[in-house]
Structure formats: C-alpha cells, structure tokens
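The values are calculated or read from the model by the stated rules, or taken from the named source; none is laboratory data. This structure is a prediction, so every number in the text was calculated from the model and none was measured. Cβ sites come from the backbone with ideal geometry, for glycine too, and all protein chains shown count toward neighbours.
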Amino acid sequence: MIHGPSLAIGAVIASIVLVVAFLGFDGISNEPELVIEPTPTIQEPEPQEITMETLLANGSPILGNPDAPITLVEFGDYQCHFCNVFFHSTEDEILKTYVETGKVRMIFKDYNIIGPDSISASRGAHCANDQGMFWEYHDILYSNWAGENNGWASDENLLKFAQEIELDTDEWSECMTSGSHAQTILASNEDARSLGLTGTPAFFIIGPDDKATQLGGAQPFEVFENIFETELKK
C-alpha cells in the first residue's frame, strides 16, 4: 500500500505519503506545438486510485541492483533546467553512495513539459535502450544541456549524441523514424498527470514497506540521504 494526498489538485489520493519540498520546479510550458501537452489543473470529484504501476511502469530500465530495498523514481524532462541541476549537483553522489552499494535502484520516467525537443530527446533515450544503453544516452543528454527550447536537443544533435556513445546509428535512426516508443512516452506522461505533477523534476522514494515519499525540485543530496537512511532502518 502507498498512502498520501495529491500535490497539484488537493484531492486525497489513496495510498501515497507525499512529502513535498520545493527548491526549484520547472513549471508547465504552454508551447502550442507540443504533441504531448500537460493537462491543466483538474478538480476531481473523487480521489483517483494510484497504484504502484503508476510509479514504476513506462519508465527506464532499472539502474542498480534490481533487488535494492529502496526505489528512487524521477519524473523528468531532458530540457528542464532544474532536472539538469539535479543531474550535475546531486545524482552522482546518490549513485556512488546508494545505487552502487546496492541500497537504492533508480528509474527515470518521462514528463515532457518544455517543448517538442523534449519528446525527441525522450525518444532518443528509449531508442538507445533498444541497444541496452538507455542510461548512457540519458547521461549524454544532460551532459550537453544548454537551455530550454534553443535547439540543443535537435534531431541533428541527438544523432551526434548517439554516435558519441557508439550506438549502431542505423538501428537507432530507424527506431527514431518509426516512433516505436511513442506509446511508452505518452503513458509515462499520463502517469505523471495522474499523480498531479505540475513540474519537473519530481521524485518518489519507495521504501521497503512500499510506501512512497514525494519530493519536488532539485533537492540537495542531504534531503535524499535523510529519507534513504530513514527507510533503510525500517
């Protein structure tokens, strides 16, 4: 069971404990050309049922020990400023301290709220996953982050990133053209909306008891550390 209230709509969502701490939260863009558009704030007459699948399905492959007692789920947008801040200032320490030691496993889920290039970048990562290199592509995207809606995640650059991590670019390009992962990306965005998320990055830390704690924004390492250590004592 997961317990707690919804962040965006104020309706009580059964089964989630939401602990919200905002440092920086990239809000929803109203870009008219977006293929995947975030839903405006919804007033629900009844609470929505949120299951563990909402948090874990339609995401990346697991990074770390599949049997780790704690799961860290990030909903992110590759163009998001604060997602990039988290990647450069916090994620590496989490990896070294908790993921590489088998205590935490990570899953990344798409929430495309910045612009069309956000969707293209997500497609690039999922196509890289076809060759077992999701996280390598995820990392090179954030390592080359240069702002929002300014072209750094263009089709040309996405292909260059694929070349740099030595993907089979013919296979990768065919995947990009076919749009074979579109449904997974759409479903991940729907998962984010069903959770009431209004910005990125958003995190859910699922403990050994399957209860989830939510964090919003580019929190420092110490915030994650405190929750991880509490969960590990259960």
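Worth a mention:
- Hits in the range 215-229 (condition: closer than 17 Å to His88 by Cβ and either small (Gly, Ala, Ser) or out of contact with any Ser or Thr (no Cβ under 8 Å at 6 or more places or on another chain) (or both)): Gly217, Ala218, Glu222, Val223
- Selection over the range 168-209 of residues that are in contact with a Ser or Thr (Cβ under 6 Å, 6 or more places away or on another chain) and assigned to a loop (DSSP other than H, G, I, E, B) gives a count of 1.
- Scanning the range 136-146 turns up at least one residue that is of a type outside the set (Phe, Trp, Tyr), part of a helix (DSSP H, G or I), more than 20 Å from Ala218 (Cβ to Cβ) and modelled with pLDDT of 95 or more.
- The single residue among Ala202, Ala212 that is out of contact with any Cys (no Cβ under 9 Å at 6 or more places or on another chain) and closer than 20 Å to His88 by Cα turns out to be Ala202.
- Any hit, the range 52-64, residues being farther than 16 Å from Glu136 by Cα, β-branched (Val, Ile, Thr) and in contact with a Gly (Cβ under 9 Å, 6 or more places away or on another chain): no
- Taken together, the residues in the range 108-135 that are within 20 Å of Asn189 (Cβ to Cβ) and either assigned to a helix (DSSP H, G or I) or without any contact (Cβ under 8 Å) to a residue 24 or more places away in the chain (or both) amount to 15.
- Ser89 buried (at least 17 other Cβ atoms within 10 Å of the Cβ) and either outside any strand (DSSP E or B) or at positive phi (or both): no
- Residues located in the range 68-84, provided they are of a type in the set (Gly, Ala, Ser) and not in a strand (DSSP E or B): Ala68
- Answer from Thr200, Thr169, Thr184, Thr177 - the residue that is polar (S, T, N, Q), over 16 Å from Thr51 (Cα atoms) and crowded, with 22+ Cβ neighbours inside 10 Å: Thr200
- Members of the range 141-166 found to be crowded, with 17+ Cβ neighbours inside 10 Å and under 19 Å from the mean Cα position of the chain (by Cα), listed by number: Leu141, Tyr142, Trp145, Glu148, Ala153, Leu158
- Filter result for Glu222 (free of Cβ contacts under 8 Å to residues at least 60 places away in the same chain, under 27 Å from Lys96 (Cβ atoms) and outside any helix (DSSP H, G or I)): no
- Residues satisfying the stated conditions in the range 156-205, i.e. of a type in the set (S, T, N, Q), in contact with a Leu (Cβ under 9 Å, 6 or more places away or on another chain) and over 30 Å from Glu231 (Cα atoms): Thr169, Ser173
- In the range 124-140, the residue that is farthest from Glu225 (Cα to Cα) out of those that are in contact with a Leu (Cβ under 8 Å, 6 or more places away or on another chain) and surrounded by fewer than 24 Cβ atoms within 10 Å (Cβ to Cβ) is Gln131.
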